[in-house]
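Enquirer: This is the structure I have questions about; it appears just below.
Values in this text are rule-based calculations from the coordinates and carry no lab data. Since we're looking at a predicted model, the values are computed, not measured. Cβ placement follows ideal geometry from the backbone for every residue including glycine, while neighbour counts extend to all protein chains displayed.
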Amino acid sequence: MSVGASDDNRALVFQLTDALATWLPTQRWFAAKDRPIARVEPVSVAVLHHREDEDPVRLEHTIQAVSFADNGEVQLYQLFVGYRRILPERLQHVRIADVQEDGHWLIAFDGLWDDELASSLLPLMASGETRNGVQFATEPGMSIPKVTSSRVVDTEQTNTSVIYDDAAILKVFRRLVLGTNPDLELCRALRRVGCPYVPGLLGSIEGGYAGEQVTYAMLSAYAVNSADGWSMATASVRDLIAEQDLRAHEVGGDFAAEAYRLGEAVAAVHGDLATALGTSSLNSDGLVALSGAMSSRLDAAIAVVPALAQYAPAVRTAFEAIHDLTPPVPVQRVHGDLHLGQVLRTPTGWLLIDFEGEPAKPLSERLRPDSVLRDVAGMLRSFDYAAQHLLLTGDSDHQREYRALEWTERNRAAFCSGYAAVSDFNPAEQRTLLRAYELDKAVYEAVYERQHRPAWVEIPLRSIARLTQQLT
Amino acid sequence: MESGHKNPPRKKPIEGSHVTDEGLVTHPKAAEYRHAYAMPVEPLWFKRAVFYEVLVRAFYDSNADGCGDLRGLIEKLDYLEWLGVDCLWLPPFYDSPLRDGGYDISDFYRILPEFGDIDDFVALLDAAHRRGIRVITDLVMNHTSDQHPWFQESRRDPDGPYGDYYVWRDTDTGYPDARIIFVDTEESNWTFDPVRRQFYWHRFFSHQPDLNYDNPAVQEEMLGVIRFWLDLGIDGFRLDAVPYLFEREGTNCENLPETHSFLRRIRKIVDDEYPGRVLLAEANQWPSDVVQYFGDPSVGGDECHMAFHFPLMPRIFMAVRRESRFPISEILAQTPEIPSSSQWGIFLRNHDELTLEMVTDEERDYMYAEYAKDPRMRANIGIRRRLAPLLENDRNQLELFTALLLSLPGSPVLYYGDEIGMGDNIWLGDRDGVRTPMQWTPDRNAGFSQANPGRLYLPVIMDPIYGYQAVNVEAQLNNSTSLLHWTRRMIEIRKRHLAFALGSFHDLGGSNPCVLSYIREYNPPDGDKPDIVLCVNNLSRFPQPIELNLRQWEGYVPVELTGRVPFPPIGELPYLLTLPGHGFYWFQLSPREDAQ
């Protein structure tokens, strides 16, 4: 195998421009399904793997700029395109189109699904190669595992993950954003300080576009034998709801011990982030700005979810209460989108993953230091979701609602106690700021649910009703 | 049936130990007794065996005195053979004042008279061996009863031959770092003896003085005891309370190097003089400490052949109650590799309480809350219940727990009566609640004894759910869907697959935390076909789906082991299974061409 610059110029992906315009909108991670595509254009191409024999195979890395008929914002998508003469049955579902090379037909497909092609990325990372601007790197002091097989996890909205031999997981960002991805940035920082509550970062693939650094992919140790917090928590809630007459601390599936340990893990990660990246503080202007941002998000949300209007005065009061806090309020880099789906229970404890921040927010906002209570509020809201979503299906009654609330309260308290055991404060005692963050999150959720899962919009609305009642 | 009766009459030796006028304690010799028919030597039999703990007192009464005996046990060996038991574990049957279930031995050379005599014991070994069943028993090495003549002589004559057989001190301040085990009854590990006017050391009850292993004579005495029973034909010992043999100031007096070196000495005697016999350590410690008792892995292990895996059992209960695999996954992930000639012993229940020593305080509170709602159910740091009442007699859970016992790594140890789902009596004192008579029939005394019911050593269970009229062997033998028949079938399936006994263990994980899945894989050394078994257990009471990453076995066909039904072959995608509440599957993974 030898790859040179001339190869890149003759890359087969140039033949795919038209095919991609129809293929991209069929992909789960394509973010503009409702915008007609005007043009798809390769803005970066690199040949990564090339084997010429009786069964030739090829892998090309490309960034495609997608422009739309509405002349709106151009989006960048990253592809690893594989080529084979014969496409095995199991890869037919990721076929893109046929291309020609020296008079032979080759089939182009999503190369991440191909064992050989996906595995070919790791040696590039191990030897730290650069291919036409695509930089492969190993994290200092880490080593890239040698693997024999790979499988794709394609359930995420914005990226595709490849799991290698239960040893490592490569997270490939599909839609690219200029600037270093906060997931890579924070995982690097946490690795530097030896944080045990995140999967170890092993390596990365990065590049540049328009003079800015762009994160293509990151390789982490795979948390073998893990389950996410959401499935753990909902198993517990299911157990409680089935009992009817037993209380949350009496049923076998009690989650409080797990919630406590989860609080410890989150506090430890916050401490490590502060150590690695420093802290700053909000003065009274900063507090006003924070409150103002929350209020304007509320205004925008009411336009989408009119039912929010009845709570708006009380919610605003809660946001304005931030003004009365005594500055300075400490802030630092945080996870930004913490919920039960972003934590993994392994046989030894909890891990936090996906430090990208709230995907809907622009990158500059996601990089901004924030109070750790943002993350705490995210997790507390997630407990509420876990408890409430089972009530959406099946007949709800007062008894079950009462039990679900009890579950939430018990696990919120346990989480905060666990947090306080590691950190120097109990988040539950920071009532004003915590409540504002929770309301801000619930407002965001109401918009999200209205747009994606209308049946679930009741969950944040009911929580907002509850949180504002507690105010009076 | 017992060959002993066909031999020419011989002079019956005087039973047990005696104290001479000179204050010497004499012991009988094995040569004075008939020796049992020996089973063929099979060095690693214990790695494949299904063990069955049976209390002689509780199993069957052959002479209508209200107490089970060795001759009674012989009469019931056909039942145990039918069940598929490979080895009986008998808790101590030595002469004893019975203040601690026989673990307070007053004469190592004499059988408790109500159980029979040494001839009866040899007859039991004979009858068991002829059925392919081995027999091991407890040997209490750490201490004796205070009624043992060694102790009586030791307190009477500090300067005599037994004066240094026990650990005597003028004060009660030594070894302050050693924990007190029986916290319910003991305040100190030292007790003052008014006769010798000194304190003696005891890790357990104050009526069980610890032997002084720093005295070479004590070591020789115990080796003599071991040789005596091995000469008669016993297949091995469960060594009771091994971590505590030696004491050293400034330590917690557990797992000391001196203790290990003495165990190596015993193992060498077994290897050299009694090959094929087994030593099973009772060391209620974390697995990482217990592995020390297997000895040096570079020689395949040179201390005990087996050791109980204590922390696994409470974790199984906790996992099912929490509907989460992590308590089990965690403890197995913390369990180190063991030497090649070693095996874990695993159990769900035994004659002691549900041992909670090896769980954290928080988990212990949780177990108490979940499984012992009545304070009487708590004893020491444990819970005294049988399996069926612990699981509220839920057949699905009983099957799930038994399937876990028979498929997790280690040799399973069943507790007598659990195969029929016997109950307990928490109103009986100490740990007697789980030691009631075996329930054979719905007749008087549960068919256990012909004695007047008032004469039974303990009353039979009579409550409406677990009473002998509802739960007994006879009824379950006549019902092919009974727990008894089910247990027998599962034991039989386990024995067909060496992977269960000898295979490696690989936790498969999976996204559903309620499901515990693992692969047991055995590769025979002769290069024969590997035996691969997939076990999937739903720890939740609700039906659950699970997607398993079985790509390593792509193209293999899972064949369900109870019905031999082939399931769809394993493909590239995660393998989807659905399980009923508390359901489980055992599959053999066969290459496609072998599955048909």
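Enquirer: Using the Kirkwood formula on the Cα atoms of the stretch A:149-231, what hydrodynamic radius do you get, in angstrom to one decimal?
Expert: Kirkwood radius, the stretch A:149-231: 13.7 Å.
Enquirer: Work out from phi, with θ = phi - 60° and the Karplus expression 6.51 cos²θ - 1.76 cosθ + 1.60, the ³J(HN,Hα) of each residue of the stretch A:159-169, listed in order in whole Hz, and give x for Gly and Pro.
Expert: 8, 10, 10, 10, 9, 9, 6, 6, 10, 8, 10
Enquirer: Same structure again: For helix A:398-422, report the angle its Cα long axis makes with the longest principal axis of the Cα atoms of chain A; keep it between 0 and 90° and round to the nearest 10°.
Expert: On a 0 to 90 degree scale, this one is about 80.
Enquirer: To check you understand DSSP bridge types, tell me what percent of the beta bridges within the stretch B:169-290 (both residues inside) are antiparallel, rounded to 5.
Expert: Taking every DSSP beta bridge with both residues in the stretch B:169-290, the antiparallel ones total about 55 percent.
Enquirer: Roughly what angle does helix A:431-452 make with the longest principal axis of chain A, taking Cα atoms, 0 to 90 degrees, to the nearest 10?
Expert: Between helix and principal axis, roughly 50 degrees.
Enquirer: While we're here: Within a 10 angstrom radius of the beta carbon, how do A:Tyr209, A:Tyr402 rank from fewest other beta carbons to most?
Expert: A:Tyr402, A:Tyr209
Enquirer: Restricting things to alpha carbons, find the Rg to Rh ratio for the protein assembly as shown using the Kirkwood radius for Rh.
Expert: Rg/Rh for the protein assembly as shown comes to 1.04.
Enquirer: Can you give me the C-alpha center-to-center distance between the stretch B:73-100 and the stretch B:525-595, rounded to a whole angstrom?
Expert: Cα centroid of the stretch B:73-100 versus Cα centroid of the stretch B:525-595: 37 Å apart.
Enquirer: Ratio of alpha-carbon Rg to the 2.2 N^0.38 Å globular estimate for the stretch B:137-291, to two decimals, please.
Expert: 1.05
Enquirer: What dipole magnitude, in Debye to the nearest 20, does chain B give about its Cα centre under +1 on Lys/Arg Cβ and -1 on Asp/Glu Cβ?
Expert: Roughly 1660 debye for chain B.
Enquirer: In nm, give the distance between the simple-model label positions of A:Ser280 and B:His18, each being 7 Å from the Cα along the Cα-to-Cβ direction.
Expert: 9.6
Enquirer: Work out the charge dipole of chain A with +1 on the Cβ of Lys and Arg and -1 on the Cβ of Asp and Glu about the Cα centre, then indicate which of A:Ala126, A:Ala293, A:Leu59 is farthest towards its positive end.
Expert: A:Ala293
Enquirer: Still on this model: Among A:Trp456, B:Trp150, rank each residue by its count of other Cβ atoms within 10 Å, from fewest to most, as a rough exposure measure.
Expert: Listed from fewest to most nearby Cβ atoms, that is A:Trp456, B:Trp150.
Enquirer: Another question, then. Nothing charged except the Cβ atoms of Lys and Arg (+1) and of Asp and Glu (-1): what's the magnitude of the dipole of chain A about its Cα centre? Round to the nearest 20 debye.
Expert: The calculation lands at about 620 debye.
Enquirer: Ok, one more. Kindly work out what percent of the DSSP beta bridges joining two residues of the stretch A:131-268 are antiparallel, to the nearest 5.
Expert: 95
Enquirer: A further question follows. Summarise the partner chain shielding of B:316-322 as one whole number: the mean count of Cβ atoms from other chains within 10 Å of each residue's Cβ.
Expert: 3
Enquirer: Using only the Cα atoms of the stretch B:186-250, what semi-axes does the equivalent ellipsoid have when each is the square root of 5 times a gyration tensor eigenvalue? Give whole Å, largest first.
Expert: Gyration-tensor ellipsoid for the stretch B:186-250: 27, 13, 12 Å.
Enquirer: Next question. When you count, for each residue, the other Cβ atoms within 10 Å and take the mean per peptide, how do B:555-564, A:100-109, A:353-362, B:416-425 rank with the highest first?
Expert: Highest-to-lowest ranking by the protection proxy: B:416-425, A:353-362, B:555-564, A:100-109.
Enquirer: Further question: With point charges of +1 on the Cβ of Lys and Arg and -1 on the Cβ of Asp and Glu, referenced to the Cα centre of chain B, which listed residue (B:Gln439, B:Phe262, B:Pro574) lies farthest in the positive direction of the dipole?
Expert: B:Pro574
Enquirer: For chain A, take the longest principal axis of its alpha carbons; what is the angle in degrees between that and the long axis of helix A:229-243, to the nearest 10 within 0 to 90?
Expert: Long axis of A:229-243 versus the principal axis of chain A: about 40 degrees.
Enquirer: Put one equal scatterer on each alpha carbon of the stretch A:338-447, apply the Debye formula with no solvent term, and list log10 I(q)/I(0) at q = 0.12, 0.17, 0.18, 0.24 1/Å to two decimals.
Expert: After summing over all Cα pairs, the log10 values are -0.48, -0.96, -1.06, -1.50.
Enquirer: Something else now. Express in whole angstrom the spacing between the alpha-carbon centres of the stretch A:421-472 and the stretch B:34-56.
Expert: 64
Enquirer: Also, I was wondering about something else. Which entries of A:Lys361/A:Lys441; B:Lys76/B:Lys268; A:Lys33/A:Lys361; B:Lys495/B:Lys529 show an alpha-carbon separation above 23 angstrom in the structure shown?
Expert: B:Lys76/B:Lys268
Enquirer: What's the Kirkwood radius of the stretch B:457-596 in Å, using all Cα pairs?
Expert: 17.1
Enquirer: Where the convex hull is taken over the Cα atoms of the stretch A:56-116, what is its projected area averaged over directions, in nm²?
Expert: With the hull built on Cα positions only, its mean projection is 5.2 nm².
Enquirer: Fewest Cβ neighbours within 10 Å first, please rank A:Cys187, B:Cys67 accordingly.
Expert: Fewest to most other Cβ atoms nearby, the residues stand as B:Cys67, A:Cys187.
Enquirer: Sum -39500 (n - 2.57) across every DSSP H segment of at least 4 residues in the protein assembly as shown, then divide by the residue count to get the 222 nm mean residue ellipticity, nearest 500.
Expert: -9500 deg cm²/dmol
Enquirer: For chain A, just the Cα atoms, rotate onto the principal axes and tell me the three extents in Å, largest first.
Expert: Projected onto its principal axes, the Cα set of chain A covers 76, 48, 48 Å.
Enquirer: Please report Rg (one decimal) and Dmax (integer) in Å for the Cα set of the stretch A:224-299.
Expert: Expressed in Å, the Cα Rg and Dmax of the stretch A:224-299 come to 19.2, 50.
Enquirer: Let me ask another. Using the alpha carbon gyration tensor of chain B, what are the three equivalent-ellipsoid semi-axes (square root of 5 times each eigenvalue), largest first, in whole Å?
Expert: 40, 27, 25
Enquirer: Kirkwood hydrodynamic radius for the stretch B:90-199: how many Å is it when counted over pairs of different Cα atoms?
Expert: It works out to 16.3 Å.
Enquirer: Under unit Cβ charges (Lys, Arg +1; Asp, Glu -1), what dipole magnitude, rounded to 20 debye, does the protein assembly as shown have relative to its Cα centre?
Expert: Roughly 1760 debye for the protein assembly as shown.
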